[in-house]
Amino acid sequence: MMKNTPELPFVSLSDASFVRDLHIVSIQNDLVIKNLTAPFSEFLAGQGFSVSAGSFVLIPGGNGVDGALFCIDPSEQNDPTVFGKLGSALPKGDWRIVLHDLDEVVRQTALIGFGMGVYRYHVAERTESQKVRIVISEVDSKAVSVLRANWLGRDLINTPANLLGPQELAQCAQDELVARGAEVSVVQGDDLEKEYPCLAAVGAGSDRASAVVIARWKAREGAPRISLVGKGVCFDTGGYDLKPASGMLRMKKDMGGAALMLSVMAAAIDMQLDVDLELRLGCVENSVSGHAMRPGDVLLTRSGRYVEVGNTDAEGRLVLCDLLAEASESHPDYIIDAATLTGAARVALGPDLPALFSNDDVLADCLLKAGEKAADPLWRLPLWKKYDQWLDSKIADLNNVTSKPMAGAITAALYLQRFIPESQKWAHIDTYGWNDSTTYGRPEGGETLALHAVLGMISDIKPVFAK
């Protein structure tokens, strides 16, 4: 994998040059706004400045620009993307955040949002230094960890498939996690076919070897154990059920679930969250060749069940089922998987809302509340039992698709649930992993949707596990 993005847009006070103040003020704080703008009110009036959510103005002074004012709506202060505008609005230089009657949490949100807005991906850009930087201190470590994870996930999703295949994805995950003190192993070759036969069948059509990454890290003995699972299909042609050309244009992002789960674990370690984490990434490529699985094939899974391949383009669930079966074997408190799994979820919820499925109301509620708190929303869809029989097969234990043209996201989740023991608490996130266009804080390209929600859930793990 090529490292493309420069260092995070932060600087310590000791390393900063001329520092100007960025005043962040609530639109309801008329007095502060008036005091800050009074010396040049006529100048602002000439520019048509008015106070509203998102209003930004530079404060003139003896040095040309002495500072800046940014107004926010208090109801949106938990949304990092609100502050994404600052990435393009602030002039080159070093800036210090000054809050006016706002909670310190706003500062952390502003740092994350600013960094999300600054991010850009380009293969040729590797070492360019940031033109705009925010001064930070040790108290900002959480924001730095979250933003670093966001950039890591975005970089992986944005990297072209010829530069990021299964082996490169596995190597990147290993490098990132070993550097953080995690225990990491990579399973491939004959061991992969033995331990994950269904996953191996998905990758058999590609000349690029598949791999499974297994990582473990825990803050302490006895900490709540969460097992993370990610779909890492580095490119998806659809296999013999070939996608049309338009459907392949963004298929480098089909490893977005793996990128998200890797980002979650990296941030959780950096933040030293009180949790015992496991991670499994299925790194494969779904290609067409004489070795590729065919429609109608029957595959053996790790669980011992046989799956009939009704559609080779429904490969993500074939990758995940072996990983979920293994994750269940260690009896974690919770399993959370993420995947760019179905177009049906996007039809139902659009690009910005990952679909959440769970067999446990407490887990689902915690994820939903964490997402709401961090302005990183999820939307729960049902594991509707009456649709489960749609997955029945006449020649195997189940099919990987149904013949029905409806409820595709639900039946995909029901397929995964077949590999989860009844007593195991589990959640499945069906995400898009992409921004179709550029908005503040969300540049077009790869996105780690649900990163803040899952990290929030892990951070709040104690009340979840309270008896």
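The values are calculated or read from the model by the stated rules, or taken from the named source; none is laboratory data. In this text, all values refer to a predicted model and were calculated from it rather than measured experimentally. All Cβ positions, glycine included, derive from the backbone under ideal geometry; neighbour counts span all protein chains shown. We work out accessible area using only protein heavy atoms, side chains counted, and drop any ligands, DNA or RNA first. Shrake-Rupley method; radii C 1.70, N 1.55, O 1.52, S 1.80 Å.
Where does each of 113-121, 133-141, 241-249, 362-370 land if you order them by average Cβ count within 10 Å, highest first? Before the final figure, lay out each step's value.
Details: 113-121: 23.7, 133-141: 16.6, 241-249: 12.0, 362-370: 18.9.
Per-residue Cβ counts within 10 Å, averaged per peptide and sorted highest first, yield 113-121, 362-370, 133-141, 241-249.
Give me Rg/Rg_expected for region 268-313, where Rg uses Cα atoms only and Rg_expected = 2.2 N^0.38 Å with N residues.
Relative to the 2.2 N^0.38 Å estimate, region 268-313 comes out at 1.83.
Under a Cβ-only charge scheme (Lys and Arg +1, Asp and Glu -1), can you give me the dipole magnitude of region 340-418 about the Cα centre, in debye to the nearest 20?
240
Considering all alpha-carbon pairs of the chain, what whole percent are spaced by more than 38 angstrom?
Details: 29002 of 108811 pairs.
Taking all Cα-Cα pairs of the chain, the fraction more than 38 Å apart is 27 percent.
With the dipole of the chain worked out from charges on the C-beta (+1 for Lys and Arg, -1 for Asp and Glu) around the Cα centre, which of 53, 24, 321 lies farthest toward the positive end?
Result: 53, furthest along the dipole toward the positive end.
Per residue of region 191-202, what does 6.51 cos²θ - 1.76 cosθ + 1.60 with θ = phi - 60° give for ³J(HN,Hα)? Whole Hz please, x for Gly and Pro, Karplus curve as stated.
5, 5, 5, 6, 7, 9, x, 6, 4, 4, 5, 4
When 1/r is averaged over all different Cα pairs and the result inverted, which Kirkwood radius in Å belongs to region 404-467?
Answer for region 404-467: a Kirkwood hydrodynamic radius of 14.9 Å.
For the chain, give me the percentage of DSSP beta bridges that are antiparallel, rounded to the nearest 5 percent.
Rounded to the nearest five, the antiparallel share is 40 percent.
State the Cα centre-to-centre distance between region 424-462 and region 162-219 in whole Å.
22
What's the Cα-based Rg to Rh of region 198-295, Rh via Kirkwood?
1.11
Of the heavy-atom accessible surface of the chain (probe 1.4 angstrom), what whole percent is carbon and sulfur?
Working: 9790 of 19490 Å².
Result for the chain: 50 percent of the exposed heavy-atom area is carbon or sulfur.
With every protein chain kept in the model, how would you rank 347, 275 by accessible area, 1.4 Å probe, largest at the top?
Details: 347 130, 275 0 Å².
Largest accessible area first, the residues go 347, 275.
Over what distance in Å are the Cα centres of region 89-110 and region 236-297 separated?
Going from one Cα centre to the other spans 36 Å.
Remind me, what semi-axes does region 276-342 give for its equivalent ellipsoid, largest first in whole Å, using sqrt of 5 times each Cα gyration tensor eigenvalue?
Sorted largest first and rounded, they come to 25, 14, 10 Å.
Across region 99-206, what fraction of all alpha-carbon pairs, as a whole percent, falls in each successive 10 Å bin from zero upward?
Values per bin, smallest distances first: 11, 31, 30, 17, 10, 2, 0.
Over the chain, with the other protein chains present, what is the accessible area per residue in square angstrom, probe 1.4 angstrom?
42
If the convex hull of the alpha-carbon atoms of region 208-264 is projected onto planes in all directions, what is the mean projected area in square nanometres?
5.3
According to the Kirkwood expression over distinct Cα-Cα pairs, how big is the hydrodynamic radius of region 330-467, in Å?
The answer is 15.9 Å.
Regarding region 1-63, what are the three Cα extents along the principal axes, ordered largest first, in Å?
50, 27, 22
With +1 on the Cβ of every Lys and Arg and -1 on the Cβ of every Asp and Glu, and nothing else charged, how large is the dipole of the chain about its Cα centre, in debye rounded to the nearest 20?
The dipole of the chain has a size of about 400 debye.
Would you work out which of 196, 237, 137 lies farthest towards the positive end of the dipole of the chain, given +1 charges on the beta-carbon of Lys and Arg and -1 on that of Asp and Glu, about the Cα centre?
237
What's the ranking of 10-18, 313-321 by average number of surrounding C-beta atoms within 10 Å, highest first?
313-321, 10-18
Mind checking which of 112, 416, 286 is farthest towards the positive end of the chain's charge dipole, using Cβ charges of +1 (Lys, Arg) and -1 (Asp, Glu) about the Cα centre?
Positive-most Cα among the choices belongs to 286.
May I have the pair-distance distribution P(r) for region 228-384, computed from all Cα-Cα distances with 5 Å bins from 0 and rounded to whole percent?
All Cα pairs considered, the percentages come to 2, 8, 15, 20, 22, 16, 10, 5, 2, 0.
Per-residue counts of other Cβ atoms within 10 Å, averaged by peptide: what ranking do you get for 279-292, 226-239, highest first? Spell out each step's value before the answer.
On the way: 279-292: 23.0, 226-239: 26.9.
By packing density, highest mean first, the sequence is 226-239, 279-292.
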